[in-house]
1. Report yes if some residue within region 7-14 is more than 11 Å from the chain's Cα centre (by Cα), over 30 Å from I115 (Cβ atoms) and part of a helix (DSSP H, G or I); otherwise report no.
2. Does any residue of region 80-94 turn out to be modelled with pLDDT under 90 and either touching an Asp or Glu at 6+ places or on another chain (Cβ under 6 Å) or at positive phi (or both)?
3. Restricting to region 34-54, name every residue that is part of a helix (DSSP H, G or I) and either open to solvent by 60 Å² or more (accessible area, probe 1.4 Å) or touching a residue at least 24 places away in the same chain (Cβ under 8 Å) (or both).
4. Report the residue count in region 8-26 for those that are surrounded by 16 or more Cβ atoms within 10 Å (Cβ to Cβ) and closer than 17 Å to R60 by Cβ.
5. Restricting the search to region 66-123, which residues are among the β-branched types (V, I, T) and farther than 30 Å from A53 by Cβ?
6. Name every residue in region 1-60 that is charged (D, E, K, R) and closer than 24 Å to Q80 by Cα, in order of residue number.
7. Can you give me the ranges of the helices (runs of 4 or more DSSP H) entirely in region 55-123 with at least 1 residues that are within 30 Å of D25 (Cβ to Cβ), open to solvent by 70 Å² or more (accessible area, probe 1.4 Å) and charged (D, E, K, R)?
Amino acid sequence: MKTLTKAEEQVMQALWKLEKAFLRDIVMAMPAPRPHQNTVATLLKILVEKKFAGINVLGRQHEYYPLISKEDYSRRTIKQVVKGYFEGSFSNVVSFMVKEKDLTVEELESLLQQIKKQKNAKK
């Protein structure tokens with residue numbers, strides 16, 4: 001899967017939120033300071049080429065929609081980070097977050113409970 005630049009990702013965030021939208025709607029859904037409409041149009045063209053977004057041509061208007069879900073993109077991106085920075089080990093990620101104090105014992109216990117519930121539900 002191709003990766004997205006930070007700017008492309010910002011446009012996709014707006015598109016995921018809107019589901020289907022015209023250029024001006026996407027620009028308005030972006031956080032301030034909003035990029036210029038021409039910049040967003042260029043980014044949308046790139047996203048269409050990369051097959052992250054689709055386009056419906058309605059007369060002179062172009063309606064854009066995501067071709068990949070936010071969840072699917074997040075899943076792939078996280079796996080790439082884990083593979084690239086944590087030797088492919090999610091437990092290394094958790095250890096790192098505990099060391100950095102980004103994950104408390106309570107949060108870790110909550111995660112463990114979620115894992116147990118999911119494992120029991122699969123049985």
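The values are calculated or read from the model by the stated rules, or taken from the named source; none is laboratory data. Model, not experiment: these values are computed from the prediction. Please note: Cβ atoms are built from the backbone with ideal geometry, for glycine as well, and neighbour counts cover all protein chains shown. Just so you know, the surface numbers come from the protein's heavy atoms only, side chains and all, with ligands and any DNA or RNA stripped out. Shrake-Rupley method; radii C 1.70, N 1.55, O 1.52, S 1.80 Å.
1. There is at least one residue in region 7-14 that is more than 11 Å from the chain's Cα centre (by Cα), over 30 Å from I115 (Cβ atoms) and part of a helix (DSSP H, G or I).
2. No, there is no match, as no residue in region 80-94 is modelled with pLDDT under 90 and either touching an Asp or Glu at 6+ places or on another chain (Cβ under 6 Å) or at positive phi (or both).
3. Passing the criteria: Q37, N38, T39, V40, T42, L43, L44, K45, I46, L47, E49.
4. Residues flagged as surrounded by 16 or more Cβ atoms within 10 Å (Cβ to Cβ) and closer than 17 Å to R60 by Cβ within region 8-26 amount to 3.
5. V94, V98, T104, V105, I115
6. K2, K6, E8, E9, K17, E49, K50, K51 - these are the residues of region 1-60 that are charged (D, E, K, R) and closer than 24 Å to Q80 by Cα.
7. Once the helices (runs of 4 or more DSSP H) in region 55-123 are filtered for at least 1 residues that are within 30 Å of D25 (Cβ to Cβ), open to solvent by 70 Å² or more (accessible area, probe 1.4 Å) and charged (D, E, K, R), what remains is 70-85.
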